[in-house]
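Note sheet for the following structure.
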Amino acid sequence: MKGLSISNVSKNYGDVKALRNVSVELQPGKIYGLLGRNGAGKTTLLNIIAGRIFADQGKVLLDDQPVMENDEALKNIFMMSEKNYYPESMRVYEAFGWTEEFYRSFDEKRALELSGKFGLDVSKKIKSLSTGY
């Protein structure tokens with residue numbers, strides 16, 4: 001694995017320059033932190049890496065493959081945010097089924113096993129869970 005390469009990424013929201021020519025190389029097997037003030041562009045950068053939004057310029061590569069609109073690359077990237085994108089009534093076990101549809105490498109059996117180990121009640125509605133779960 002070669003890691004994640006972010007090259008000259010910029011993103012504007014109207015007149016607001018959220019990111020300007022950001023470049024960074026992230027190596028596999030290491031843990032990185034992203035620090036900055038509110039409004040510095042941290043979430044925007046993460047959303048671009050995860051393929052949720054498009055950069056205005058620049059590129060993001062995972063192991064030398066473009067991330068944007070690339071299912072093979074995106075199946076290896078997951079971003080969890082505080083915003084819940086699941087339907088209000090969805091239960092945890094149902095979310096596992098949906099996740100398996102979108103992420104081919106997701107292992108529902110393993111997710112259920114880990115839920116048991118960590119005491120997560122999979123019959124609970126997702127909206128009732130803390131961010132930690």
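Worth pointing out:
- Of all accessible heavy-atom area on the chain, the percent that carbon and sulfur account for (1.4 Å): 51 percent
- Close Lys pairs in the stretch 1-120, defined as Cα atoms under 21 Å apart and 8 or more places apart or on different chains, number 15.
- Centroid-to-centroid separation of the stretch 11-38 and the stretch 63-133 [C-alpha atoms, Å]: 24 Å
- Principal axis box of the stretch 55-97, alpha-carbon based, largest edge first, Å: 38, 21, 14
- Across the chain, the volume of the C-alpha convex hull divided among the residues equals 143 Å³ per residue.
- Over the stretch 27-108, accessible surface divided per residue gives 74 Å², non-protein components excluded, 1.4 Å probe.
- Approximate spin-label separation LYS124-TYR32, in nm, with each point projected 7 Å along Cα-to-Cβ: 3.2 nm
- Globularity index of the stretch 1-63, i.e. its alpha-carbon radius of gyration over 2.2 N^0.38 Å: 1.10
- Note on ASN12 and LEU46: the model spin-label points, each 7 Å out from Cα along the C-beta direction, lie 2.6 nm apart.
- Extending 7 Å from the Cα toward the beta-carbon at both SER23 and LEU112 defines two label points whose distance is 4.9 nm.
- GNM result for the chain, Cα springs below 10 Å: residue of ILE31, ILE53, ILE77 fluctuating most strongly: ILE31
- Ellipsoid semi-axes in whole angstrom, largest first, where each is sqrt(5λ) of the Cα gyration tensor of the stretch 85-133: 16, 15, 8
- Each Lys and Arg Cβ is given +1 and each Asp and Glu Cβ -1; about its Cα centre, the chain then shows a dipole of about 500 debye.
The values are calculated or read from the model by the stated rules, or taken from the named source; none is laboratory data. Nothing here was measured: the structure is a model prediction, and the numbers come from that model. When we count neighbours, we look across all protein chains shown, and the Cβ atoms used for this are built from the backbone with ideal geometry, even at glycine. Side chains included, ligands, DNA and RNA excluded: accessible areas come from the protein's heavy atoms. Shrake-Rupley method; radii C 1.70, N 1.55, O 1.52, S 1.80 Å.
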